[in-house]
Each structure stands twice: as C-alpha cells, then as structure tokens.
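Enquirer: Handing you a structure now.
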Amino acid sequence: MFSRRQFFRFIGGLGALGVSTTAYGFGEPVLRLRVARYHLSPPKWPADFQLKIAVVADLHACDPWMSLDRIHAIVERTNALDADVIVMLGDYVAGHHHVTRFIPASEWAPVLAGLKAPLGVHAILGNHDYWEDKTVQREGRGTINARRALEDVGIPVYENDATRLSKDGRPFWLAGLGDQLAYLPARRFRPVRRIGVDDLGATLKKVTDDAPVILLAHEPDVAVRVPSRVAVQLSGHTHGGQVRVLGWSPVAPSGQELAYGHIRMNCDVIVSGGLGCSIMPFRLGVPPEIGLVTLGRSAAAVS
C-alpha cells in the first residue's frame, strides 16, 4: 500500500513526466532530424541494379516550425546523402494554423531548388497543396500555387505522369500519381463528383516498356490497388501518425498497416514519417526524417 506521502509523490512524478513529455513533443519538430534508411530488393527490381533514392516528404513550410533556415538545413542534409535521385512527395504547404507565419511558395520553392542529384529532383503534390489554394478549390480547376512555384524553379511535377530515367545504362520509370484527396474541401463550395485527381491506370499506361517502376503517391492508401508490376511505392502523408508508441499510432489517417515504414503488399511500400506537422506542431516517437531508400540485393535487409 502507498502511504499518503508516497501517493502524492507518485502523482507529482506523473505530472512532471507529462510536462516534460509535452515539452519534448513540441520541441521535436524543430530540433531533431534523422535519416531513415531502407535497403530493399523488391521482386520486380533487378537484384544487381543498385539505386539510392532520397525521400523528402511533408515539409509544411511555416514559421516557427518549418522555417526557411530549417528547410535550408534539410536541403544540405539531403544533398550530403549522395543519392542517385531525389523525390519529393508533396505537402509543401502548412497543414495547421498554430503558426506565426505561413511561408509562401515563392520563398520555399527557391530553397528546395538547392536540392541536387545526378538523376535530378522530381516532385508530386499533396492534399494540403491543393487544400490551401482557395481559388482552385472554389473553381475546381487551375494550376495550384505549389506546382507553379516548383516548376518555376526547374523542379518537374508529376500528376498521373511518368518519366523514364537511366543509371549506368540501366533504365527505370519514375511514375507520379495525382493527389487522392485534392478536392475534399471543395465540397463546402459546390457539389463534387470525385475528390481525387489520381488516375493509377492512366499513370501506369505511360510506362511503355518492361523497365522497373517506382511509384510516387502522396497518400499511401492507393497501395491496395497498385499491381505487382510496380517495384516500390514511396508515400508520405501520415507523418507516422506524429505520435507513435511501440509501433502503434493513435492517429493513422491511412490505417495502421500503412501508418509508417516498410510494408509488403503487391509491391514494396515505404511510408515516410515526413518532416513537418499537420493539425498540431507536435511529434512524439516519430521524429522528422529524410528517407534514404537503397534498391538492389547488394544491400542488407531492411534497417
């Protein structure tokens, strides 16, 4: 049995733990940055073909949580990984309102233009890139600000499109899916027949030979429909739930199976924990991360 004094010490300890954990959770988005490394040999990827892919997802640019200085640091850290190709998986725009300033695309895009890789930097768009463009939401059409800003600094953006790349004479396809939740807020303004702009079939039809395929899809949900023709799917969106305890995320927008990490479905799926925050600027157990995915059997098992 606890004595009265022991009981109050215990309650005080819990309170102190709660305060320190909360402080840590609010500090983690701006203080930590790790590299999540994955080593895969998918069935549809040639075993002797090694390719290193750096993955940047879910920046959510805003002050003070994802400042321009912070984005500069992410660019430098990503470049230092010496990846063959860099992919950006959408949600460059802030996804919550607990900010001191929303950083406009005209400021964050030129910083991202500092990313460099031998096979280039390639981008798709995320739901918040669509959601925060009120003009496009009201009219139901048009080029969103994030896409225009990225293309203005020379970064190609893929929406249901694919491009054929090559390393050391070995070809592969990079396919980018349109966002699956693009027009969700538009329902406030008008009837919406379909909220997504994704077209998986049309995207894969642009793959015109048997070279392996890497699919970029902001939301991982599409993985249940992705055929085994695809070697690997790279996704973001979930932020790993932003809170993750013992491999479980209390908030999992794409379901627990697709909340975070490496999942084997018809193809290999990597879900990045991302870099920024949505809803609240708080992370616990899933720090901000850059992904480094190495394909090819010469690498070890998934780390």
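Nothing in this text is a laboratory measurement; each read-out follows from the coordinates by a stated rule. What you are looking at is a predicted structure, and each value in this text was computed from that prediction instead of being measured. Note that we place each Cβ from the backbone using ideal geometry, even for glycine, and neighbour counts take in every protein chain shown.
Enquirer: Taking the conditions exactly as written (more than 24 Å from Val85 (Cα to Cα) and out of contact with any Lys or Arg (no Cβ under 9 Å at 6 or more places or on another chain)), does Pro281 satisfy them or not? Walk me through it before giving the result.
Expert: Details: more than 24 Å from Val85 (Cα to Cα): yes; out of contact with any Lys or Arg (no Cβ under 9 Å at 6 or more places or on another chain): yes.
Yes; evaluated as a whole, the condition is true for this residue.
Enquirer: Next question. Return a yes/no flag: does region 252-270 have any residue that is aromatic (Phe, Trp, Tyr) and touching a Phe, Trp or Tyr at 6+ places or on another chain (Cβ under 9 Å).
Expert: First, pick out the residues of region 252-270 that are aromatic (Phe, Trp, Tyr): 260.
Pick out the ones that are also touching a Phe, Trp or Tyr at 6+ places or on another chain (Cβ under 9 Å) and you get none.
No, the conditions are met nowhere in region 252-270.
Enquirer: Among the residues of region 101-117 satisfying the criterion of being out of contact with any Cys (no Cβ under 8 Å at 6 or more places or on another chain) and assigned to a loop (DSSP other than H, G, I, E, B), which is farthest from Glu132 (Cα to Cα)?
Expert: So the first thing to find is which residues in region 101-117 are out of contact with any Cys (no Cβ under 8 Å at 6 or more places or on another chain), and the list is 104-117.
After this cut, where a residue has to be assigned to a loop (DSSP other than H, G, I, E, B) as well, the list is 104, 113-117.
Working: Pro104: 11, Ala113: 22, Gly114: 24, Leu115: 24, Lys116: 28, Ala117: 29 Å.
Within region 101-117, the match that is farthest from Glu132 (Cα to Cα) is Ala117.
Enquirer: When Val222 is evaluated against the numbered criteria (1) among the aliphatic types (A, V, I, L, M); (2) touching a Leu at 6+ places or on another chain (Cβ under 9 Å); (3) over 19 Å from Gly176 (Cβ atoms), which criterion, by number, is the only one it fails?
Expert: (3)
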